[in-house]
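Notes follow the structure.
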Amino acid sequence: DTGVSQNPRHKITKRGQNVTFRCDPISEHNRLYWYRQTLGQGPEFLTYFQNEAQLEKSRLLSDRFSAERPKGSFSTLEIQRTEQGDSAMYLCASSLSGGPESEAFFGQGTRLTVV
Amino acid sequence: QQPVQSPQAVILREGEDAVINCSSSKALYSVHWYRQKHGEAPIFLMILLKGGEQKGHDKISASFNEKKQQSSLYLTASQLSYSGTYFCGISGAGGTSYGKLTFGQGTILTVHP
């Protein structure tokens, strides 16, 4: 068990460019979550998947954001036409199930800087 | 709906104790505690479920008070390694999905030798 893996760890992009992040969850985990964290704040929920189905999206997730989890394995988060306000740490987490007792384990995150 | 953590920051000397509180305006169903060090992933500490259960491992324990809609994290005989930002995440409050967490703003804990 290698834990939750996220790539890249850091991404610097120019405003207006598109970026894509990848998350590989713990292998037997069905649930996969994306969060965004800005400096000095707790993680904010963006979206989550149960296997390959995207079950919920936050109002924070504008039309420029899209996430996929093909075949219920790894997931990608794409941001189109990046803005400076998108600069943040993007965290992925996975859990075995969606019950109240499910422990969610986080990856190291992808730090996005939009210049 | 974001839980409120208190205090915002704590400074301790090794061996001292601390309590971090997490309060919700909506009924709590589960509370998840994490510790995050600068530039690292949040590390899972423990989950408390509705029912007033108290949990603990090593010298870190937590309680869940349904009446007060509050969870408290207790750190006893603190060690340097306890330094970091502690977050509580609530799940299932107000009919929201279990597993999806709404986090507090964090409590910064600093332990000095």
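The values are calculated or read from the model by the stated rules, or taken from the named source; none is laboratory data. Predicted model only: the values in this text are computed from it and were never measured. For neighbour counting, all protein chains shown are included, and Cβ atoms are generated from backbone atoms with ideal geometry for every residue, glycine included.
I'd like the full set of residues that are within 14 Å of another protein chain (Cβ to nearest Cβ), assigned to a strand (DSSP E or B) and over 12 Å from the mean Cα position of the chain (by Cα), limited to the range B:13-54.
Selection gives B:LEU49 alone.
Quick test for you: out of B:VAL10, B:VAL4, pick the one residue that is within 14 Å of B:SER72 (Cα to Cα) and either more than 9 Å from chain A (Cβ to nearest Cβ) or in contact (Cβ under 8 Å) with a residue 12 or more places away in the chain (or both).
Being within 14 Å of B:SER72 (Cα to Cα) and either more than 9 Å from chain A (Cβ to nearest Cβ) or in contact (Cβ under 8 Å) with a residue 12 or more places away in the chain (or both) holds for just one of B:VAL10, B:VAL4, which is B:VAL4.
Would you mind finding the one in B:LEU101, B:LEU75 that is more than 22 Å from A:ALA93 (Cβ to Cβ) and either of a type outside the set (Asp, Glu) or modelled with pLDDT of 95 or more (or both)?
Answer to the selection: B:LEU75.
Among the residues of the range A:101-115, count how many are over 21 Å from B:TYR34 (Cβ atoms) and either within 9 Å of chain B (Cβ to nearest Cβ) or surrounded by fewer than 15 Cβ atoms within 10 Å (Cβ to Cβ) (or both).
Qualifying residue count, the range A:101-115: 2.
Out of B:SER78, B:SER71, I need the residue that is crowded, with 18+ Cβ neighbours inside 10 Å and within 14 Å of chain A (Cβ to nearest Cβ). Which one?
Details: B:SER78 fails: within 14 Å of chain A (Cβ to nearest Cβ).
None of the other options fit; the residue is B:SER71.
How many residues are touching a residue at least 40 places away in the same chain (Cβ under 8 Å) and either crowded, with 21+ Cβ neighbours inside 10 Å or among the small types (Gly, Ala, Ser) (or both) if we restrict to the range A:30-45?
Residues flagged as touching a residue at least 40 places away in the same chain (Cβ under 8 Å) and either crowded, with 21+ Cβ neighbours inside 10 Å or among the small types (Gly, Ala, Ser) (or both) within the range A:30-45 amount to 8.
So how many residues does the range A:68-100 have that are within 14 Å of chain B (Cβ to nearest Cβ) and crowded, with 16+ Cβ neighbours inside 10 Å?
11
What strands (runs of 3 or more DSSP E) lie completely within the range A:1-53 and have 3 or more residues being touching a Lys or Arg at 6+ places or on another chain (Cβ under 6 Å)?
Correct list: A:44-50.
Is one or more of the residues making up the range A:46-54 modelled with pLDDT of 90 or more, of a type in the set (Phe, Trp, Tyr) and in contact with a Phe, Trp or Tyr (Cβ under 7 Å, 6 or more places away or on another chain)?
Yes: one or more hits.
Given (1) surrounded by 15 or more Cβ atoms within 10 Å (Cβ to Cβ); (2) farther than 16 Å from B:THR102 by Cα, where does A:ASP63 come up short, assuming only one miss?
For A:ASP63, the failing item is (1).
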